[in-house]
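Everything below concerns the one structure shown next.
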Amino acid sequence: MKVINLGKTDSVLNNFIAQIRDKSIQKDRMRFRTNLKRIGQIFGYEISKVLEYGNLQVETPLGIASIDTCRTRLVIATILRAGIPLHEGLLDCFDNADSAFVAAYRKYDRGDKFHINIEYATMPPLEGKVLMLADTMLATGASVELTLDRLCRDGRPDHVHLVCPIASAYAVEYLQKRLDDDVTLWTAAIDEELTSQSYIVPGLGDAGDLAYGEKI
């Protein structure tokens, strides 16, 4: 698995990452969602640079313009619910992309132990396409691994782009050992600490709760 950390390059992306981390600013749910959407747009633009292009002849009022446009067949998937704003930002970049949705969450057992539970998944065919999987936080890597396994059960895409703005060093190492070279992880920050409860530090908290309210 290849890892691209956009946060290492100075850009306005880091402003948005700082705002979603800030415990005062993130109290504004609408702003939090908007920042995640803008982050998704930036990731979409950067990923677009590595996709397949072909020439298009466009008729203008005065003549013909020759333009190389993106020809990659895309499926943009999200892990509900924290990934929804990211998903919207990516869709803003790729008008004709299909979408897939997966409900994956931590189901707690005894004590602090938990397993990843997948209850719902809907997707178009992935064969011959490029898959983007959006999830705001990459803590242990287990939910992404299981989600990819579920999405690719009926057909493997040509390439997978994981869009995870904030990741733990543990998850990056975990996925690098388990995923092939046809997967690229795009992130903006890799945090070193992961608590015994599998929370990223400094992280940003619970992205789903911050975007949509606390759950019971």
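If 10, 182, 28 are ordered by their accessible area, calculated over protein heavy atoms with a 1.4 Å probe, which sequence runs from highest to lowest?
Per-residue accessible area, sorted high to low, gives 10, 28, 182.
Kirkwood hydrodynamic radius (Cα pairs, Å) of the chain?
Taking the inverse mean of 1/r over all distinct Cα pairs, the chain comes out at 17.9 Å.
What's the center-to-center distance, using Cα atoms, between the stretch 138-174 and the stretch 29-64 in Å?
Their Cα centres are 23 Å away from one another.
Can you run phi through the Karplus equation (6.51, -1.76, 1.60; θ = phi - 60°) for the stretch 10-21 and list ³J(HN,Hα) in whole Hz, with x for Gly and Pro?
Values, residue by residue: 5, 7, 5, 3, 5, 4, 5, 5, 4, 5, 6, 7 Hz.
What distance in nm separates the two pseudo spin-label positions at residue 212 and residue 176, each 7 Å out from Cα along the beta-carbon direction?
With each label placed 7 Å out from Cα toward Cβ, I get 3.3 nm.
Along the charge dipole of the stretch 14-101, which of 80, 42, 94 sits closest to the positive end, that is, farthest toward it, with unit charges on the beta carbon of Lys, Arg, Asp and Glu (+1, +1, -1, -1)?
It is 80, whose Cα lies furthest towards the positive end.
Quick one: which residues, 5+ away or cross-chain, put their amide H under 5 Å from the amide H of residue 166? H built at 1.01 Å from N.
138, 188
Over the Cα atoms of the stretch 14-88, what is the Rg over Rh ratio if Rh follows Kirkwood?
1.17
Taking the radius of gyration and the Kirkwood hydrodynamic radius from Cα positions alone, what is the Rg/Rh ratio for the stretch 130-216, to two decimal places?
In the stretch 130-216, Rg relative to Rh is 0.98.
The values are calculated or read from the model by the stated rules, or taken from the named source; none is laboratory data. Since the structure is predicted, the reported quantities are computational estimates derived from the model, not experimental observations. Using ideal geometry, Cβ is built from the backbone for each residue, glycine included, and neighbour counts are taken over all protein chains shown. Remember, those area values only see protein heavy atoms, side chains included, never the ligands or the DNA or RNA. Shrake-Rupley method; radii C 1.70, N 1.55, O 1.52, S 1.80 Å.
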